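Below is one structure, written out as structure tokens; comments come after it.
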Amino acid sequence: MKFLSLHVDHIHFKPLKKALKKIEDITEKEKKGAKVKEALAILTAVEKIDTNVEGVVREFVKHIKDIAGQVKAKKIVLYPYAHLSSNLASPELAMKVMKKANEELRKDFEVVHAPFGYYKEFEMKVKGHPLSELSREIKIDEEGKETKEETEKEVDSNKLLREISKTKLDTSKLKDNDHRILGQQMDLFSFNETAPGMVFWHNNGLVIRDELVKFWKEVHKNAEYKEVVTPQILDKKLWQISGHWEKYKENIFLTEYEKRQFAIKPMNCPGGLLIFKNKPKSYKDFPLRIGELGIVHRQELSGVLGGLFRVIQFTQDDAHIYCTEKQVETELNRVMDLVELFYSKFNFSYSVELSTRPEKRIGSEEVWDKAENVLKKVLDKKKIKYKIGEGEGVFYGPKIDYHVKDSLGRTWQCGTIQIDFQMPERFDLEYTDKDNKKKRPVMIHRTIYGSLERFIGILLEHYNGRLPTWLAPVQVKVLSFTDRNEIYANKIVRQLQEEIDCLRVESDIRQTTVASKVKDAELMKIPYIIVVGDKEEKEGNLAVRVRGNKKIKTLKIKEFIEDLKEELEDRI
């Protein structure tokens with residue numbers, strides 16, 4: 001069995017038509033669907049191996065109770081969701097499991113059961129806290145015990161090669177500007193089942209990624225951040241101290257070394273805290289701004305993965321600011337200015353949400369009042385419009401979330417700013433104050449890109465692949481009109497490379513038509529396509545096609561170079 005748990009503000013679902021002929025008709029009331037507020041939605045796929053109904057349901061209910069207890073959910077929405085697995089059970093077995101689970105859960109919760117065997121549409125708003133989205137898998141054998149891996153058989157390398165070569169993108173249900181289509185068309189990245197939810201960056205995609213990283217590093221250096229890198233694999237003890245072991249163990253990749261258990265890091269914070277503790281601190285060291293473009297891994301079911309938007313391995317542009325209480329307001333202002341700098345650079349529209357104390361939290365009410373008030377104060381002073389997410393804060397503190405709107409009107413949480421009094425306590429962080437007394441620093445967590453992978457996906461769709469010139473994998477392409485113009489085309493390429501450092505420029509001198517060359521360059525969304533023929537060569541000009549505009553500009557080489565230099569220097 002595989003299931004995805006979603007802690008939602010609301011879920012609305014409605015049956016459309018039967019998916020299975022043998023399924024009984026539902027009532028008129030059920031046909032209208034349901035609207036449920038403040039619930040834990042459990043999207044479930046029953047699999048062929050789930051023949052031990054009692055054992056599977058027992059573990060299933062146990063998991064749901066564990067998650068519901070942590071998020072304080074009193075309502076459960078059981079939602080059959082076949083998309084989570086390619087190894088589905090028969091309808092009869094699936095119905096037995098779902099019916100039994102429904103009966104067991106009703107003993108402790110208010111349960112709404114979406115109809116089985118029907119195509120359904122649904123809309124939901126998922127909460128923003130760390131436990132709001134969890135995917136899990138349950139494997140039970142005939143005797144009700146956890147199943148073990150099969151004994152390894154003799155390897156058939158040809159068969160294995162065929163299996164790992166199956167990955168193919170189904171574009172039939174995707175819009176033309178879907179980042180997965182653009183990624184394939186522009187040769188940016190790919191995915192393979194040998195590494196589910198992990199991106200294979202091709203050269204062109206890596207150019208975009210590296211330019212975003214370069215921009216991030218420059219801005220943060222100017223903002224007086226120090227950059228660190230922490231290990232990918234860290235001892236279980238660290239995650240027990242941080243609290244992630246208790247709350248995230250099911251979503252952490254685990255490994256062993258010399259009979260010690262280790263976790264592949266799902267978050268960057270704990271490693272950064274060890275760097276802080278490596279050396280004594282005084283008030284003179286504050287504010288201390290530490291940034292890390294850290295790669296993290298979180299287990300997700302394959303059915304919930306979606307291109308760059310939802311992956312297992314991703315890069316988080318974390319930063320942690322350690323400061324005194326008096327410095328918090330100033331530091332929050334600085335972070336908000338950075339967020340605005342980044343999002344305005346890409347012409348993104350976004351909304352802001354202030355998430356307040358959740359029901360399950362740590363720390364005194366006095367501390368929570370102080371933390372929430374300073375966030376509100378900074379937002380109000382900056383005249384930023386925001387909505388309140390009551391109870392949506394993380395267990396250690398309130399937060400501000402930035403929701404970026406994509407080209408389809410969907411919103412994605414990218415940036416976040418969180419005030420944390422809990423981690424400094426758990427890790428016994430301290431500094432020496434002016435009065436020579438030991439005190440706890442305040443910790444501010446923040447991201448701007450959020451997930452670099454998701455940010456790139458949003459960017460690609462936002463610009464329909466026509467990225468700003470500074471981000472484009474190939475910035476200029478020079479096409480020869482005929483074989484006679486080949487030498488001149490290569491001369492233009494060399495001149496551009498000499499005049500503009502690190503310009504990504506290519507030539508196309510193939511023996512084919514100009515129309516064919518232009519079409520190929522257009523598919524790659526190249527900002528500037530230059531065609532040189534006899535006329536251009538004689539007059540020393542360039543015929544320039546700008547960003548797909550069919551109207552051709554005639555420019556002097558020097559004029560084109562000056563304009564392009566300015567555009568690249570200003571990153572516009």
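The values are calculated or read from the model by the stated rules, or taken from the named source; none is laboratory data. Nothing here was measured: the structure is a model prediction, and the numbers come from that model. Using ideal geometry, Cβ is built from the backbone for each residue, glycine included, and neighbour counts are taken over all protein chains shown.
Going by what's in this entry, would residue 325 be described as more than 30 Å from residue 182 (Cα to Cα), charged (D, E, K, R), in contact with a Pro (Cβ under 7 Å, 6 or more places away or on another chain) and touching a residue at least 12 places away in the same chain (Cβ under 8 Å)?
In short, no.
Residues that are surrounded by 19 or more Cβ atoms within 10 Å (Cβ to Cβ): which strands (runs of 3 or more DSSP E) entirely in the stretch 297-404 hold 2 or more of them?
In the stretch 297-404, 313-323, 350-355 are the strands (runs of 3 or more DSSP E) which contain 2 or more residues that are surrounded by 19 or more Cβ atoms within 10 Å (Cβ to Cβ).
For residues that are among the charged types (D, E, K, R) and either without any contact (Cβ under 8 Å) to a residue 24 or more places away in the chain or farther than 30 Å from residue 394 by Cβ (or both), tally how many sit in the stretch 72-127.
Of the residues in the stretch 72-127, 10 are among the charged types (D, E, K, R) and either without any contact (Cβ under 8 Å) to a residue 24 or more places away in the chain or farther than 30 Å from residue 394 by Cβ (or both).
Within the stretch 458-485, which residues are surrounded by fewer than 16 Cβ atoms within 10 Å (Cβ to Cβ) and assigned to a helix (DSSP H, G or I)?
Those that are surrounded by fewer than 16 Cβ atoms within 10 Å (Cβ to Cβ) and assigned to a helix (DSSP H, G or I): 483, 484.
Going through the stretch 251-261 one residue at a time, which ones are outside any strand (DSSP E or B) and polar (S, T, N, Q)?
Residue satisfying the conditions is 251 alone.
So which residues in the stretch 525-546 are over 15 Å from residue 479 (Cβ atoms) and modelled with pLDDT under 95?
Within the stretch 525-546, 538, 539, 540 qualify.
Has the stretch 87-109 got at least one residue that is under 29 Å from the mean Cα position of the chain (by Cα) and not aromatic (Phe, Trp, Tyr)? If you could, list the steps in order and put the result at the bottom.
Taking the stretch 87-109 as the starting set, the residues that turn out to be under 29 Å from the mean Cα position of the chain (by Cα) are 87-88.
Those still in the list that are not aromatic (Phe, Trp, Tyr) too: 87-88.
Yes, there is a match, as at least one residue in the stretch 87-109 is under 29 Å from the mean Cα position of the chain (by Cα) and not aromatic (Phe, Trp, Tyr).
Per-residue answers, yes or no, for (1) assigned by TED's automatic domain parsing to the domain that holds residue 384; (2) modelled with pLDDT of 95 or more; (3) under 24 Å from residue 221 (Cβ atoms):
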residue	(1), (2), (3)
260	no, no, no
294	yes, yes, yes
313	yes, yes, no
343	yes, yes, yes
349	yes, no, no
358	yes, no, no
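For the condition surrounded by 14 or more Cβ atoms within 10 Å (Cβ to Cβ) and in contact with a Lys or Arg (Cβ under 6 Å, 6 or more places away or on another chain), what is the one hit in 525, 517? It would help to see each step written out before you state the result.
Numbers: 517 fails: in contact with a Lys or Arg (Cβ under 6 Å, 6 or more places away or on another chain).
Going through 525, 517 in turn, the sole match is 525.
Working carefully through the options 231, 266, 270, find the one that is outside any helix (DSSP H, G or I), in contact with a strand residue (DSSP E or B) (Cβ under 8 Å, 6 or more places away or on another chain) and not aliphatic (A, V, I, L, M).
266
Within the stretch 552-566, which residues are of a type in the set (Lys, Arg), in a helix (DSSP H, G or I) and more than 35 Å from the chain's Cα centre (by Cα)?
Let us first name the residues in the stretch 552-566 that are of a type in the set (Lys, Arg), namely 553, 556, 558, 565.
Next, from what is left, pick out any that are in a helix (DSSP H, G or I): 558, 565.
The one that is of a type in the set (Lys, Arg), in a helix (DSSP H, G or I) and more than 35 Å from the chain's Cα centre (by Cα): 558.
What number of residues in the stretch 14-49 are more than 21 Å from residue 105 (Cβ to Cβ) and assigned to a strand (DSSP E or B)?
So the count comes out to 4.
Report every pair of residues separated by at least 6 positions or lying on different chains whose Cβ atoms are under 9 Å apart, first residue within the stretch 492-511 and in a helix (DSSP H, G or I), second among the polar types (S, T, N, Q).
492/507; 493/507
Return the residues of the stretch 315-341 that are under 18 Å from the mean Cα position of the chain (by Cα) and either outside the structural domain of residue 296 (by TED's automatic domain parsing) or charged (D, E, K, R) (or both); say none if nothing qualifies.
317, 318 - these are the residues of the stretch 315-341 that are under 18 Å from the mean Cα position of the chain (by Cα) and either outside the structural domain of residue 296 (by TED's automatic domain parsing) or charged (D, E, K, R) (or both).
For the stretch 238-250, which residues satisfy the criterion of being assigned to a helix (DSSP H, G or I) and either exposed (fewer than 13 other Cβ atoms within 10 Å of the Cβ) or modelled with pLDDT under 90 (or both)?
Scanning the stretch 238-250 gives 242, 244, 245, 246, 247, 248, 249, 250.
Return only the number of the condition from (1) in contact with a strand residue (DSSP E or B) (Cβ under 9 Å, 6 or more places away or on another chain); (2) farther than 23 Å from residue 344 by Cβ; (3) in a loop (DSSP other than H, G, I, E, B) that residue 549 does not satisfy.
Of the numbered conditions (1) in contact with a strand residue (DSSP E or B) (Cβ under 9 Å, 6 or more places away or on another chain); (2) farther than 23 Å from residue 344 by Cβ; (3) in a loop (DSSP other than H, G, I, E, B), the odd one out for residue 549 is (1).
Go through the stretch 318-354 and give me each residue that's among the small types (Gly, Ala, Ser) and out of contact with any Ser or Thr (no Cβ under 9 Å at 6 or more places or on another chain). Talk me through it step by step, then tell me what you get.
First pass over the stretch 318-354, keeping only residues among the small types (Gly, Ala, Ser): 319, 344, 349, 351.
The answer is 344, 349.
Limited to the stretch 526-543, what total is found for residues that are closer than 14 Å to residue 496 by Cα and under 39 Å from the mean Cα position of the chain (by Cα)?
Within the stretch 526-543, residues that are closer than 14 Å to residue 496 by Cα and under 39 Å from the mean Cα position of the chain (by Cα) number 3.
Yes or no: the stretch 4-21 includes at least one residue that is of a type in the set (Lys, Arg) and closer than 25 Å to residue 130 by Cβ. Please lay out each step first, then the result.
Initially, the stretch 4-21 is screened for residues of a type in the set (Lys, Arg), giving 14, 17-18, 21.
Those left that are additionally closer than 25 Å to residue 130 by Cβ: none.
There is no residue in the stretch 4-21 that is of a type in the set (Lys, Arg) and closer than 25 Å to residue 130 by Cβ.
Can you spot a residue in the stretch 49-58 that is closer than 24 Å to residue 121 by Cα and modelled with pLDDT under 95?
Taking every residue of the stretch 49-58 in turn, none turns out to be closer than 24 Å to residue 121 by Cα and modelled with pLDDT under 95.
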